[in-house]
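The values are calculated or read from the model by the stated rules, or taken from the named source; none is laboratory data. These numbers were taken from a predicted model, which means no experiment stands behind them. Cβ sites come from the backbone with ideal geometry, for glycine too, and all protein chains shown count toward neighbours. Side chains are part of the model used for accessible areas, which takes the heavy atoms of the whole protein and leaves out ligands, DNA and RNA. Shrake-Rupley method; radii C 1.70, N 1.55, O 1.52, S 1.80 Å.
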Amino acid sequence: MRILVTGSTGYIGSRLVPILLADGHDVLAAMRDDAKAASFSWGDRVTPVHFDITDPESIDTALTGADAVVYLVHSMDDGDFVRKDREAAEAVARAAEKHGVDRIVYLSGHVPDDQTSLSDHIRSRLQVEEVFTNATVNSTVLRAAIILGSGSTSFELVRRMVERLPATPVPSWMVKKVQPIATADVLQVIAASLGERAMPGSFDIGGTEVLTYPELLGRYAAVADLSRPQFRVPFVPTPVVGRAVATITGMPPGTVISLVDSLHHDMVARRGNAVTSDFADAVGDPIGIDESIRRALTVTAHDGTDAEGTTDPQAAADSDPDWAGGFVRIEDGRVRHDASGLAKVLARRR
């Protein structure tokens, strides 16, 4: 098929493109700056397409001739992102209907049973998926919670909280359940949903383990060979925690605050895990939490490439955000701590 990948230069999109090319698809790589395609090893094998979610005309033009759209646009660090994301999705849905697009695949987030007090982060995801599922185009919504892989925002949040603090404070309201999924498994599910058989509807996808967020922090510490005792902190308001975590991690404040706010809910598959049912043939054996973390920390022979197919999608890529990465790496099977890297970060924060 001829597939338009929005967010093609982002974390999931840049790793998805080479998989779609390998599957024989023609890829329209949507991006604000067409010239950015040249910075990716797959740049000369795709058709760069100008795409700006604030410009309905560019959306309409980008969808012309597309058989399918992979929608990977989120703007959590950009003002009133709930409204902006909904309006962008509405423009994409209209253009898809106008141009006869066969299907839309949207990577969303887990939605809890209690929808009366959703965070803006989750509410935005739900609104976007409702826009697509209410359209006349076949739409597949894939709901994932924490995606584990170097460069993933949720993974980097875990990495930096563990690596940068000698002990981990845990607000009492943050002891909720999560069901992480490996980046590589997410990519396989997206690719499968673009296969010969359309699968309209919403699907919860996750790994095979359910644990609490503090337990996930502990699992990272164990793989990274770090001693990080945890202590409970009662009665700390969510905004205070969000701002503190943003300061500690050095990540985009709006994004961090939105993600922290969503930790008030259990983020697990509610209606069965589609990874082990609907998409089991595509994924095979899901990657476990420890293996996901280990591969994310492993220095590969092509370390830091721009998500070419020869690089493990769990590992780092040059195309990842500047704030991605940490001080722990696994090289030749051994865990190594880069003390000089930590010293440089602490010096910049003073």
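A quick yes/no check of all residues on (1) more than 27 Å from Ala316 (Cβ to Cβ); (2) assigned to a loop (DSSP other than H, G, I, E, B); (3) open to solvent by 30 Å² or more (accessible area, probe 1.4 Å); (4) without any contact (Cβ under 8 Å) to a residue 24 or more places away in the chain:
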{"residue": "Glu209", "(1), (2), (3), (4)": "no, yes, yes, no"}
{"residue": "Leu216", "(1), (2), (3), (4)": "no, no, no, no"}
{"residue": "Arg219", "(1), (2), (3), (4)": "no, no, yes, no"}
{"residue": "Arg228", "(1), (2), (3), (4)": "no, yes, yes, no"}
{"residue": "Arg232", "(1), (2), (3), (4)": "yes, no, yes, no"}
{"residue": "Gly242", "(1), (2), (3), (4)": "no, no, no, yes"}
{"residue": "Ser258", "(1), (2), (3), (4)": "no, no, no, no"}
{"residue": "His265", "(1), (2), (3), (4)": "yes, yes, no, no"}
{"residue": "Gly272", "(1), (2), (3), (4)": "yes, yes, yes, no"}
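Have a look at Thr168, Thr183 and point out the one that is of a type outside the set (Gly, Ala, Ser) and more than 20 Å from the chain's Cα centre (by Cα).
After ruling out the rest, the residue left standing is Thr168.
Output the residues belonging to the stretch 22-44 that are more than 14 Å from Ala68 (Cβ to Cβ) and in contact (Cβ under 8 Å) with a residue 40 or more places away in the chain.
Within the stretch 22-44, Ala22, Ser39, Phe40, Ser41, Trp42 qualify.
Looking at (1) open to solvent by 30 Å² or more (accessible area, probe 1.4 Å); (2) in contact with a strand residue (DSSP E or B) (Cβ under 7 Å, 6 or more places away or on another chain); (3) within 15 Å of Asp290 (Cα to Cα), can you tell me which one Ser172 breaks?
For Ser172, the exception is condition (3).
Within the bounds of the stretch 62-79, is there any residue that is of a type in the set (S, T, N, Q) and at pLDDT 90 or above?
yes
Would you confirm, using the coordinates I've provided, whether Thr276 is closer than 20 Å to Val111 by Cβ, out of contact with any His (no Cβ under 8 Å at 6 or more places or on another chain), open to solvent by 30 Å² or more (accessible area, probe 1.4 Å) and at pLDDT 90 or above? Can you show your working first?
Details: closer than 20 Å to Val111 by Cβ: yes; out of contact with any His (no Cβ under 8 Å at 6 or more places or on another chain): yes; open to solvent by 30 Å² or more (accessible area, probe 1.4 Å): yes; at pLDDT 90 or above: yes.
Yes.
Could you please let me know if Arg45 is closer than 25 Å to Ala184 by Cα and open to solvent by 20 Å² or more (accessible area, probe 1.4 Å)? It would help to see each step written out before you state the result.
Working: closer than 25 Å to Ala184 by Cα: yes; open to solvent by 20 Å² or more (accessible area, probe 1.4 Å): yes.
It is true that Arg45 is closer than 25 Å to Ala184 by Cα and open to solvent by 20 Å² or more (accessible area, probe 1.4 Å).
Here are some residues: Leu72, Leu118. Which one is open to solvent by 10 Å² or more (accessible area, probe 1.4 Å), closer than 27 Å to Ala198 by Cβ and not hydroxyl-bearing (Ser, Thr, Tyr)?
Leu72
Out of everything in the stretch 1-33 that is touching a Gly at 6+ places or on another chain (Cβ under 7 Å) and small (Gly, Ala, Ser), what residue ends up being farthest from Pro313 (Cα to Cα)?
That would be Gly7.
From Val111, Val105, which residue is closer than 19 Å to Ile53 by Cβ and in contact (Cβ under 8 Å) with a residue 12 or more places away in the chain? Steps first, please.
On the way: Val111 fails: closer than 19 Å to Ile53 by Cβ.
Checking each option against the conditions leaves just Val105.
Among the candidates Asp113, Asp23, which residue alone is at negative phi, surrounded by fewer than 16 Cβ atoms within 10 Å (Cβ to Cβ) and out of contact with any helix residue (DSSP H, G or I) (no Cβ under 9 Å at 6 or more places or on another chain)?
That would be Asp113, the only listed residue that is at negative phi, surrounded by fewer than 16 Cβ atoms within 10 Å (Cβ to Cβ) and out of contact with any helix residue (DSSP H, G or I) (no Cβ under 9 Å at 6 or more places or on another chain).
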